[in-house]
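Here it is, the structure, as structure tokens.
The values are calculated or read from the model by the stated rules, or taken from the named source; none is laboratory data. Predicted, not measured: the structure shown is a model, and the values here were computed from it. No Cβ is skipped: glycine too gets one built from the backbone with ideal geometry, and neighbour counts run over all protein chains shown. SASA here: full protein model, heavy atoms, side chains in, ligands and nucleic acids out. Shrake-Rupley method; radii C 1.70, N 1.55, O 1.52, S 1.80 Å.
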Protein chains: 4
Amino acid sequence: MKNNDKNTSWKYRIHEIIYEADTKAGKLFDVILLIAILASILLVMLESIESFDTRYHTFLNIAEWVITILFSIEYILRIISIKKPFKYIFSFYGIIDLLSTIPKYLSLFLVGSHHLAALRALRLLRVFRILKLARYVGASNRLLVALKMSRTKISVFLYFVVILCVILGTIMYMIEGPENGFTSIPTSVYWAIVTLTTVGYGDIAPHTPFGQFLASIIMILGYGIIAIPTGIVTAEMTKSANNSVDTNTQACPSCSKENHKDGAQFCYNCGSKLN
Amino acid sequence: MKNNDKNTSWKYRIHEIIYEADTKAGKLFDVILLIAILASILLVMLESIESFDTRYHTFLNIAEWVITILFSIEYILRIISIKKPFKYIFSFYGIIDLLSTIPKYLSLFLVGSHHLAALRALRLLRVFRILKLARYVGASNRLLVALKMSRTKISVFLYFVVILCVILGTIMYMIEGPENGFTSIPTSVYWAIVTLTTVGYGDIAPHTPFGQFLASIIMILGYGIIAIPTGIVTAEMTKSANNSVDTNTQACPSCSKENHKDGAQFCYNCGSKLN
Amino acid sequence: MKNNDKNTSWKYRIHEIIYEADTKAGKLFDVILLIAILASILLVMLESIESFDTRYHTFLNIAEWVITILFSIEYILRIISIKKPFKYIFSFYGIIDLLSTIPKYLSLFLVGSHHLAALRALRLLRVFRILKLARYVGASNRLLVALKMSRTKISVFLYFVVILCVILGTIMYMIEGPENGFTSIPTSVYWAIVTLTTVGYGDIAPHTPFGQFLASIIMILGYGIIAIPTGIVTAEMTKSANNSVDTNTQACPSCSKENHKDGAQFCYNCGSKLN
Amino acid sequence: MKNNDKNTSWKYRIHEIIYEADTKAGKLFDVILLIAILASILLVMLESIESFDTRYHTFLNIAEWVITILFSIEYILRIISIKKPFKYIFSFYGIIDLLSTIPKYLSLFLVGSHHLAALRALRLLRVFRILKLARYVGASNRLLVALKMSRTKISVFLYFVVILCVILGTIMYMIEGPENGFTSIPTSVYWAIVTLTTVGYGDIAPHTPFGQFLASIIMILGYGIIAIPTGIVTAEMTKSANNSVDTNTQACPSCSKENHKDGAQFCYNCGSKLN
């Protein structure tokens, strides 16, 4: 029993270090983790530059293995120290953490797959929690709420945009044709998207007078309808600006949910006591 | 008389399957229709890719004919099963449905016209009704209302933009001239539109110092006035956010109008009983 | 005295035809004027296309002279028929009308100056008055009010943008240098404006890693600060949406000011009686 | 003591001329300063144009030295005439003023560093104070307040955008590869930023069908999420439009802070008497 207690307290300490940022040790761990993530992303980037890779290949390879093994240990500790491990494994961060470690192991069998390690960038989303910037957490929450509220309207809008691009792309394909770079309907639809969103690479551009006339209409259209998503989000944002709740960065020890209300005694998700 | 009744009930059943999505059969029909539309668009796209077309030409041709004939049958059934067929034929969806079938028949006489079959993409607008996503229908309605309300202001704005582009294009034509790619006034106006809408292909770009100076002013202008349509739509959207009514996806059996108020007993358009 | 009366009534009739759109003759005049303006712009555009000009040079030249002389007659009639001719001559439309006629006369001495005839496009702004679309006039007035209100804020914003572009352009010139297309500081400032406004021609683009890094920051900056003019105009527009007054298209016979309040008896500008 | 008084009054007069714009001499000084700044920026720009520099090198060099020495004298006078010189030295304008003078001196040791003199553009921010346009100062203050209020939200948003670009860039690098211009992950991330912000240079563009498909999604995404910063700033701006205070351009003689409330008797920053 005593052994069990000791075991539990050992797990408890690790939980506090890894999952929370209230103690000194927890804060230190989080800062080191953040630096390790940044370093690993930098490594993957440098490795992709050929002139760099040919010179420092061995060093880059070893450094990546070291970081990958450290991340693997961290991942295992996260599973061990939590009460309901499956909740963590299938949570957003749980999946990200797994995806951040496997590419390097995978690269033993699949050449090139280790570039996927750049997915570690998603781990950087933890930074708000790590730095304990409640202000930022609140701001990002309010952003997410406004986006969720306008989700349906924005998807309806984007659906219209895609249909519009399919039709405009087809018409441009018939006007300009393969001899002017509009080699197929999918390519023309791609061009229509490039134009309507005002990106405008210029790798494909209309050459016939009528094609340029239609392109002008598409551009003015795109210029006009960019107002729609903006209008949607702004209307939602002005509404949500008024009713927001302050939350903190404490994580529940049993289900690891965050964003508890300030002063909350119990987890809003699983009901266990917060400490 | 009995025959007449039977005839009516036969038509009535087809109406329910084709026009509505409340019964199981109606839902199934709509899902199959949606898949058929997507498949047919994919076919037209694949056919336009030369390497694909040369290899699978016969297969693609047959598949398109099958889908076109199916769509034709559906179109005829739609006309037969409705009480006031002309209302359907000249409605938005009626015209789209017709335009979706004729290009393939037309291609027998006019080479290349079958690409117009991509207009079927417009049929995809039915998806909201098909999936019975009242939430989405509501969202798209509110979008349309906000757009309708700001229609006059946006057309005034676009009219100003076009006049501005004509004048700026002419001035740039006089500054840069044909030797720098501004071959004629229409081309220069096209360039002005490309620049003002911040698309910026780069196929035509100013080379003289004074041309670059004027182009800079046009860009900053375009950067500033993109705010106007946004402001218009946003102001309208914040207003319309408050007063919206919930509607459902039921279609009137006699005039096929949709978007009846929840719980409505009679069609708001022709006054016939809804079932 | 009788002669004087007759003279006045003759002028009065012309004033009614040219300046107003309430009588049948006045409406007809305005529609013909609009068509003539559109035709003349088309002529100037076609003339600038070399292949067109070489073939139809004589026809285009004669047609332009006919329209120019008609516009000159109209301009003189406008001056004669109004009570205070100088008010018209130095008004916005008076200057536009003059600028629309002189380029062709100027082309007798200055080769190429007749292209300036495209400035006639500005005369198209009369369309709202011509079509008597009070709704559109109201919409455009409300737009102008919102723009006037946000004028100071937008000029402050654009001033900041220009200063920012000067500094960013200089830094990029020092990083990339003439060997990467950044041939001088003015060119680099031009590039910075092209980038910050998200136009992005691609005629000049950074090649060094550090240059691309800085360019990325400029783009994200530009992406972020485009929100500012939008925010300004939107805030102004939501305010002005509430307090707008309905005006009509009647022109004052003595000072030719428009936009009188519905039911106004006297000109708000010069106090003379409206009829 | 008398000497001391005289000394003080001498300093006092200089303070009034240099720091304030209420007296005639102060106004004149400010206008001359503004012209000198503009001239010096023009000089640096012209010098960077090779064809200009080779012809007028000696003249440009001398002119720059003259302006640099004048700016140095002005900087020293500013330090002498103020009561708390360190407050000025480490203030925003103090640092700008210093940075505006040293590049030319630096160019004696470091070739090319004199281009940094373009940083003088920042001095142009004084224009609002110089022209005594309280209206503009108020407008720019309100802009800054709205930006400060939305600072956290916008930084959270930009942080998300950067993470998104890292991930999208990596995926595009794996799809397109070095043979299509995506030479390394950093380059691909640069491309993702160019695309997401709708700049779209076109120096790098996807060539594989799948790459173009993913690029289309990125563009539509960028088109959609540009609404977010706009929504944030607009919401903040509509709020701040109501509660703004009128300030004037008087500068405190002891700490040189500006933007005192109209009618204020004492400096809000250091408490000394305003005159």
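Cα gyration tensor of segment C:40-198, axes a ≥ b ≥ c as square roots of the eigenvalues: rounded (a/c below 1.5), prolate (a/b > b/c) or oblate? Display every interim value, and only then the final one.
Working: a/c = 2.70, a/b = 1.43, b/c = 1.89.
Oblate.
Residue by residue, what Karplus-based ³J(HN,Hα) values in Hz, rounded to whole numbers, does segment A:179-188 have, using 6.51, -1.76 and 1.60 with θ = phi - 60° and x for Gly and Pro?
Ordered by residue, 3J(HN,Hα) equals 5, 10, x, 8, 5, 7, 4, x, 4, 5 Hz.
As an exercise, use a Förster radius of 25 Å and the Cβ-Cβ distance of residue C:34 and residue B:221 to find the FRET efficiency, rounded to the nearest 0.05. Before the final figure, lay out the partial values.
Values: r = 26 Å, r/R0 = 1.05.
With R0 = 25 Å, the Cβ-Cβ based efficiency is 0.45.
For residue A:144, which inter-copy label distances result when the label point lies 7 Å beyond Cα on the Cα-to-Cβ vector, reported in nm to one decimal and in ascending order?
Distances to the matching label points in the other copies: 3.5, 3.5, 4.9 nm.
How crowded by other chains is B:175-187, given as the mean number of beta carbons from other chains within 10 Å of each beta carbon? Each step should come with its number before you reach the end.
On the way: counts 0, 0, 1, 2, 0, 0, 0, 1, 4, 10, 9, 9, 5.
That works out to 3 on average.
Here's something else I'd like to know. Placing the label point 7 Å from Cα along the Cα-to-Cβ direction, what are the distances from residue D:34 to the equivalent spots in the other copies, shortest first, in nm to one decimal?
Listed shortest first, these distances are 4.4, 4.4, 6.3 nm.
Sort A:93-103, D:88-98, D:223-233 for me by packing, meaning the mean count of neighbouring Cβ atoms within 10 Å per residue, highest on top.
Values: A:93-103: 18.5, D:88-98: 15.4, D:223-233: 26.9.
Those peptides, ordered most packed to least, come out D:223-233, A:93-103, D:88-98.
As a check on your reading of the symmetry: which chain A residue has its Cβ nearest the axis that brings A onto C, and how far is it in Å?
Result for the A and C rotation: A:202, 3.
Per residue of C:206-217, count partner chain C-beta atoms within 10 Å of its C-beta, then hand back the mean as an integer. Please list the in-between numbers first.
Values: counts 3, 1, 0, 5, 0, 1, 8, 4, 0, 5, 11, 2.
Taking all residues of C:206-217 together, the mean is 3.
Here's something else I'd like to know. What is the distance in Å between the Cα centroid of segment A:158-176 and that of segment B:64-130?
For segment A:158-176 versus segment B:64-130, the Cα centre distance is 18 Å.
Taking a probe of 1.4 angstrom, what is the accessible area of residue A:57 in Å², to the nearest 10?
90 Å²
Starting from the eigenvalues of the Cα gyration tensor, five times each then square-rooted, give me the equivalent ellipsoid semi-axes of segment A:1-119, largest first, whole Å.
Values: eigenvalues 203, 47, 29 Å².
Value: 32, 15, 12 Å, ordered largest first.
For residue A:62 and residue C:60, FRET efficiency with R0 = 60 Å and r from the beta-carbon atoms, rounded to 0.05?
Details: r = 76 Å, r/R0 = 1.26.
Approximately 0.20, to the nearest 0.05.
While we're looking at this one, here's another question. Relative to the present Cα-Cα distance, how much length would full extension add between residue B:11 and residue B:213 at 0.36 nm per residue of separation? The partial results should precede the final answer.
Values: separation 202, 0.36 × 202 = 72.72 nm, distance 6.87 nm.
Gain on stretching residue B:11 to residue B:213: 65.8 nm.
Just counting partner chain Cβ atoms within 10 Å, what average do the residues of peptide C:164-173 show around their Cβ?
Rounded to a whole number, the mean comes out at 5.
From the label point of residue A:110, set 7 Å along Cα to the beta carbon, how far off in nm is each other copy's matching point, shortest first?
Nearest first, the other copies' label points are 4.8, 4.8, 6.8 nm away.
Buried accessible area between D and A (1.4 Å probe, both chains summed, ligands and nucleic acids excluded), in Å² to the nearest 100? Present the calculation step by step, with values, prior to reporting the outcome.
Working: alone 16950 and 16970 Å², together 29950 Å².
Using a 1.4 Å probe, the pair buries roughly 4000 Å².
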